[in-house]
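Here the structure comes first, spelled out in structure tokens, and everything after it is commentary.
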Number of protein chains: 2
Amino acid sequence: MKPIRGVLLDLSGVLYVGDAPLAGALEALTRLQASGLPVRYITNTTRSPRREIHRMLSTMGFRIPEQEIFTAPGAVRAALERDGLKPLLLIHPGLAPEFQDLVTDTPDAVVLGDAGEAFSYDNLNRAFRLLMDGAPLLAMGSNRYFREQDGLSLDIGPFLRALEYAAGVQGTVLGKPSAEFFHAAVADMGLEPDEVLMVGDDAEADVQGALDADIQACLVRTGKYRPGDEDHIDTHRARIADDLAALVADLLA
Amino acid sequence: MKPIRGVLLDLSGVLYVGDAPLAGALEALTRLQASGLPVRYITNTTRSPRREIHRMLSTMGFRIPEQEIFTAPGAVRAALERDGLKPLLLIHPGLAPEFQDLVTDTPDAVVLGDAGEAFSYDNLNRAFRLLMDGAPLLAMGSNRYFREQDGLSLDIGPFLRALEYAAGVQGTVLGKPSAEFFHAAVADMGLEPDEVLMVGDDAEADVQGALDADIQACLVRTGKYRPGDEDHIDTHRARIADDLAALVADLLA
């Protein structure tokens, strides 16, 4: 493998959980930033506009330039604007401001985010009928689930699969594990994919997704990690670290 | 092909639509029953207990012994009883009486029916968490959608796919097109699958499902049939008839 010349970091589950930094994460990130290796932040977080994410990271003590954060909703918005599409939004209410100016009474595209309670039968049916009329399906990710305080909850992926199966169509995923999404962040560092290391707690979207995009990858045992997740990744190609602090120590050794 | 010694009939779309018999269906069924060929009725209808279906058929003028009707909910109930399982029910409210006595506060199996509005995020999440704890997933069908008065609506299949993807499990479909379900009705006539003809209006669940279970099959151009449905079936192996009356005339000629 090539020497690592840049790092992509997932946010939730790698730097913090809930609204608290993970043990050692603040110091580890400071050390990584001080090493001179460029860093970009790549998140499927689908409940807040980028500005909010940046504000929350700052409140927790992370010093990160806002423009270094790549979000899945931002990638979806760029695709809608490029193709002149009007979205039917199945997204988290916190994200509504990011799309408000694109909404009309006659949508011609379905946008799937982390809609939670808004994944009602009626809303899913409305999306399904639009897809049957030929509308494209754009998703902010295809994760299976995420961890909430009271347990695991369904993420975008299951609803994407449901609508794809119902309408007999193939959606476009514009968050991780989309190679296009990873490569935009890699290109922003002026590097090639194979000289960059992606660090995440999601064996599929972060680690396998990065490997499939020719990016090196490391699974951290924090956040949504569960014992056995290693079985889903190619351990000959991916690293595994207990947490970001352990990885950074190893990387800078 | 072997001579036909028994017949399996789908109900909705073959004998009736809504609450009215199809043209010629009452006479055709009487003729078929009088021929001496045994008949069984096999339905994925997931909104009513068998008793209700029988009552509705009687009201329309069909004379059918209740015990000759095989329903997907009945097959699910039999599987729960066989394995001593307590269901978390995602089913149509009209079907609740069929399972009421099996419900407890500590379910250990997920049952998917045609839940409509009850396919809420909370209910799907509850089912997902139970699956992650190892509960089996039983479905009354895997159809993609059905036709309602105001358009197409999502059926069980998309939600089955969603939960299978989320939890990384494989559900068991106990309605059509499950071979086990077809074979239970065939065995009840004391026949072998290849000497029985399945008649239905659904090219996938009825016709292809029967063929895959080594049963002969006939698609009727009534009910949910749409021009082009023939393209989804193996026309070298399946018959096609305009309706039940035409098929019975042909069969008894």
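The values are calculated or read from the model by the stated rules, or taken from the named source; none is laboratory data. This structure is a prediction, so every number in the text was calculated from the model and none was measured. For neighbour counting, all protein chains shown are included, and Cβ atoms are generated from backbone atoms with ideal geometry for every residue, glycine included.
Points to keep in mind about this one:
- Test: residue in segment B:236-244 that is touching a Lys or Arg at 6+ places or on another chain (Cβ under 6 Å) and crowded, with 20+ Cβ neighbours inside 10 Å: no
- Segment A:165-188, subset at pLDDT 95 or above and within 14 Å of another protein chain (Cβ to nearest Cβ), residue surrounded by the most Cβ atoms within 10 Å (Cβ to Cβ): A:Ala166
Per-residue answers, yes or no, for (1) in contact with a Phe, Trp or Tyr (Cβ under 8 Å, 6 or more places away or on another chain); (2) not in a strand (DSSP E or B):
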position	(1), (2)
B:Val7	no, no
B:Ala28	no, yes
B:Arg40	yes, no
B:Ser48	no, yes
B:Arg63	no, yes
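- Within segment B:190-202, residues that are without any contact (Cβ under 8 Å) to a residue 60 or more places away in the chain reach partners that are surrounded by fewer than 21 Cβ atoms within 10 Å (Cβ to Cβ) and of a type outside the set (Val, Ile, Thr) with beta carbons closer than 7 Å, at six or more positions or on different chains, in the pairs B:Pro193/B:His183; B:Pro193/B:Asp214.
- Just one of the listed residues (B:Asp231, B:Asp206, B:Asp201) is surrounded by fewer than 23 Cβ atoms within 10 Å (Cβ to Cβ), at negative phi and not assigned by TED's automatic domain parsing to the domain that holds B:Arg147, and it is B:Asp231.
- Tally, over segment B:130-147, of residues that are at the interface with chain A (Cβ under 7 Å from one of its Cβ atoms) and either surrounded by 20 or more Cβ atoms within 10 Å (Cβ to Cβ) or at pLDDT below 95 (or both): 2
- Within segment B:105-123, the set of residues being more than 23 Å from the chain's Cα centre (by Cα) and either over 14 Å from B:Glu81 (Cα atoms) or outside any loop (DSSP other than H, G, I, E, B) (or both) comprises B:Asp105, B:Thr106, B:Ser120, B:Tyr121, B:Asp122, B:Asn123.
- Against the list (1) aliphatic (A, V, I, L, M); (2) part of a strand (DSSP E or B); (3) in contact with a Ser or Thr (Cβ under 7 Å, 6 or more places away or on another chain), the condition A:Leu89 fails is (3).
- Scanning segment B:117-129 for residues being more than 7 Å from chain A (Cβ to nearest Cβ) and within 24 Å of B:Glu204 (Cβ to Cβ) gives a total of 0.
- Counting only helices (runs of 4 or more DSSP H) that fall entirely inside segment A:154-253 and contain at least 2 residues that are more than 20 Å from the chain's Cα centre (by Cα), the qualifying elements are A:156-167, A:244-252.
- Residues of segment B:148-164 classified as more than 8 Å from every other protein chain (Cβ to nearest Cβ) and touching a residue at least 60 places away in the same chain (Cβ under 8 Å), total: 1
- Entry remark, segment B:78-111: residues being surrounded by 15 or more Cβ atoms within 10 Å (Cβ to Cβ) and either of a type in the set (S, T, N, Q) or within 12 Å of another protein chain (Cβ to nearest Cβ) (or both) number 2 in total.
- Of all residues in segment A:189-205 being at pLDDT below 95 and touching an Asp or Glu at 6+ places or on another chain (Cβ under 8 Å), the one that is farthest from A:Glu68 (Cα to Cα): A:Ala203
- From A:Asp229, A:Asp214, residue being under 26 Å from A:Pro21 (Cβ atoms) and either within 14 Å of chain B (Cβ to nearest Cβ) or out of contact with any strand residue (DSSP E or B) (no Cβ under 8 Å at 6 or more places or on another chain) (or both): A:Asp229
- Qualifying residue in segment B:81-92 (condition: under 26 Å from B:Arg40 (Cα atoms) and among the basic types (Lys, Arg)): yes
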